Number of protein chains: 2
Amino acid sequence: MTSEKLDRRKKYTRMVLRKSLLQLLKQKSFSSITVKEICERADINRSTFYAHYSDQFELLETIENEIVSDMKQYIDTYNLQEKEDALRMTEKLISYFAAKQEELIILLNASGETSFERKVREVAQTSIRNEWIDTENANQPLSSYMSAFIISGSVHVLKMWLLGGMEEPPHAMAKLINNLINHGIYGSNWDNFA
Amino acid sequence: MTSEKLDRRKKYTRMVLRKSLLQLLKQKSFSSITVKEICERADINRSTFYAHYSDQFELLETIENEIVSDMKQYIDTYNLQEKEDALRMTEKLISYFAAKQEELIILLNASGETSFERKVREVAQTSIRNEWIDTENANQPLSSYMSAFIISGSVHVLKMWLLGGMEEPPHAMAKLINNLINHGIYGSNWDNFA
DNA sequence: AACTGACTGTTGATAAACCAACATCGTGTT
DNA sequence: AACACGATGTTGGTTTATCAACAGTCAGTT
């Protein structure tokens, strides 16, 4: 996709700016964060910031889009390649979440001001539609109400899991969510979850 | 002293190179560490390395000298200023050690190949001579054997303390070492030290 | 001995980050 | 309203890091 050749300075600059904004988001609301503030914490000259991003919004956009783009990749490789099974894909996706725990918690908690959760929902919609079709539910129609319900539930469950320190292993979460999607709430095994 | 105005890039470059070498020293002997290796771990171009240091030795020198220079500062301000009391100075010095614990352990353990411990001894010599003079021991002469004995003991005690995770607070260590110096081993209170 | 491979130290051209300075826009204060 | 203040974008000139390429050294290998 975006395949500019980044030399080390660019990589470093963007990395620290990114970290800086995320740290600030832990402390205060996005609307109160200034470009100057981000640069000071990152120890980067303000003019350098503008060489990369036009403002705070674009920086946040970039951070969000990177994650969403990663998510899409997982889903696409599943769709295009061997279609092993939906469970495997979900598990890999959730392992990815585990690795990015810190960032995801920050971004999801700032959801009032940012569009991150909306973006996640959009991607999840695609994923879940495909999972639905590829399973024994294929005969049943998936109404937009149902998908909305499933997505809300899934995102919320994952949010809880991240905030709770990820006690359960990724594959357990993958199984749970798959069960929720395919067999409904009553068909799922809740034994492992207090 | 060395008061060049360092811009952010220089600061960053030197900082990562420094950290990189210290990390490598944790894993392997100094003589087996190459410039290329340091640069790769630091993610810095090799030619940039040579813009700052002529080789690994000079980098290590710089790291060692910075710490030794800090130590000298503590000792000098004590000597020149109000001469509050030796105990206070020792305590501040040891607090400084606590802050630099990580680095000191690495450098002291690599002592076979580096000159760090020798440098520390040299500084300690000055410090201890002054402490000796300023206390009730003033009438007694301090032979070079005695100072060597005291310095070896002090450095070793501090090394143990750092490696042991600094269980005792700095002021306790300061008191202990002062006692060792001023009143000898038998006069010291060893109660707090299993 | 010739050969391979890795590390070394140096070079010149290029790209990126730096900094100081400026005019501009809000916000809030006297 | 006039004012001060801080954040904002933008600029041009300077400094630094980057990269690729080079020839040199050295240890181990065939």
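The values are calculated or read from the model by the stated rules, or taken from the named source; none is laboratory data. Remember, predicted model here, so these are calculated numbers, not experimental data. Cβ coordinates were reconstructed from backbone atoms using ideal geometry, including for glycine residues, and neighbour counts include every protein chain displayed. Each accessible area value is taken on the protein alone, full model and side chains, heavy atoms only, with ligands, DNA and RNA left out. Shrake-Rupley method; radii C 1.70, N 1.55, O 1.52, S 1.80 Å.
For (1) of a type outside the set (D, E, K, R); (2) within 21 Å of B:Asp85 (Cα to Cα); (3) modelled with pLDDT of 75 or more; (4) not assigned by TED's automatic domain parsing to the domain that holds B:Asp70, each residue gets a yes or a no:
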position	(1), (2), (3), (4)
B:Glu113	no, no, no, no
B:Ala124	yes, yes, yes, no
B:Ser147	yes, yes, yes, no
B:Met160	yes, no, yes, no
B:Ala174	yes, yes, yes, no
B:Phe193	yes, no, no, yes
The range A:37-127: helices (runs of 4 or more DSSP H) wholly inside it with 1 or more residues that are open to solvent by 70 Å² or more (accessible area, probe 1.4 Å) and among the aliphatic types (A, V, I, L, M) are A:46-52, A:56-80, A:86-99
Out of all the residues in the range A:11-18, is one or more within 14 Å of chain B (Cβ to nearest Cβ) and near DNA strand D (Cβ under 10 Å from one of its atoms)?
-> yes
Starting from residues that are touching a Lys or Arg at 6+ places or on another chain (Cβ under 8 Å) and of a type in the set (Gly, Ala, Ser), keep the ones in the range A:19-59 and report whichever is farthest from the other protein chains (Cβ to nearest Cβ).
-> A:Ser20
